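Read through the structure below, which is laid out as structure tokens, and then see the notes.
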Amino acid sequence: MTFKEKHLNNISSTGTIGIPFNNLRKQEKKKKQMATNTEQQQQQQKTEAGRHQEVGHKSLLQSDALYQYILETSVYPREPEAMKELRDLTAKHPWNIMTTSADEGQFLNMLLKLINAKNTMEIGVYTGYSLLATALALPEDGKILAMDINRENYELGLPVIEKAGVAHKIDFKEGPALPVLDELIEDEKNLGSYDFIFVDADKDNYLNYHKRLIELVKVGGLIGYDNTLWNGSVVAPPDAPLRKYVRYYRDFVLELNKALAVDPRIEICMLPVGDGITLCRRIK
């Protein structure tokens, strides 16, 4: 057999020079599998991106469709125009993930009406979405002591709050909340004077807040601590891939949850609304 004949025979029996058909099939199968995996990864990335496209979407529901159903059926149709305007305005802010979700805003608004709250406090304001939900729920002579370290963010939403006609209910103080709380406690008339207190601020100070707030809220009054399920990280294994800020604050959230669970001065209810909110009712 000549070299040319051997060469042609090799091609005809393998499909290409020196590469058997079986290997070709394996390579082709591998390429198809890689393409499928890439497509699945891209689809998963799109799904994850869609999961948080709703500003303030901190829902722990596994189904985005179910969360959207709640928003479109129960929340958005009844959302006050001022709250919608502030939500849309906040959506353009680079830190918009810090805002209270629309379903939680609705929950707070109804809760305050149910307990007939009049004298309230909020630690951590941001642009004021939860603050507005509170102000709209209070009677005309209701009061909110609002504290945040950033006045600029608060003033971003202030025109909307003023247009809603509830700015007179708000006493805003810029700066750390702990010194203000300590000052309030020094005056006996403030002890047990608050109907409702909402905390959505620095998680590493939640326990420090609780030590003071329990003296300021009345017996039968409520304290609401936001983010107590902390992106679901409270049940994540130690080696779970978490964002740095989530991992850093997780231990503080876990510490708070353990402390609240055994505090004999309160009754508690942890709800999977938004990013988790724990309601503490002072009983003694």
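The values are calculated or read from the model by the stated rules, or taken from the named source; none is laboratory data. These figures come from a predicted structure and were not determined experimentally. In this analysis, Cβ positions are derived from the backbone assuming ideal geometry, glycine residues included, and neighbour counts consider all displayed protein chains. Protein only, heavy atoms only, side chains kept; ligands, DNA and RNA dropped before computing areas. Shrake-Rupley method; radii C 1.70, N 1.55, O 1.52, S 1.80 Å.
How large is Rg over Rh for the range 236-284, taking Rg from the Cα atoms and Rh as the Kirkwood inverse mean of 1/r across Cα pairs?
Reported Rg/Rh (Cα atoms, Kirkwood Rh): 1.06.
Would you count, across the range 55-173, every pair of lysines whose alpha carbons are under 23 angstrom apart, provided the pair is eight or more residues apart or spans two chains?
19
Take the alpha carbon atoms of the range 134-198, find their center, do the same for the range 211-229, and report the distance between the two centers in whole angstrom.
The two parts, judged by their Cα centres, are 15 Å apart.
Please give the net charge around Leu213, taking every other residue with its beta carbon less than 12 angstrom from that of Leu213, where Lys and Arg add +1 and Asp and Glu add -1.
+1
For the pair Arg212/Lys258, report the inter-label distance in nm, with labels modelled 7 Å from Cα in the Cβ direction.
Reported label-point gap for Arg212 and Lys258 is 2.4 nm.
Rank Met147, Met98 by accessible area, highest first, at a 1.4 Å probe radius?
Met98, Met147
Measure off, as a whole percent, the carbon and sulfur share of the 1.4 Å-probe accessible area of the range 60-119, all protein chains present.
Exposed carbon and sulfur together represent 59 percent of the surface.
So how exposed is Thr100, as accessible area in Å² (1.4 Å probe, rounded to 10)?
The accessible area comes out at roughly 10 Å².
With viscosity set to 0.890 mPa s at 25 °C, what whole-number translational diffusion coefficient in µm²/s follows for the range 192-271 from Stokes-Einstein and a Kirkwood radius over Cα pairs?
182
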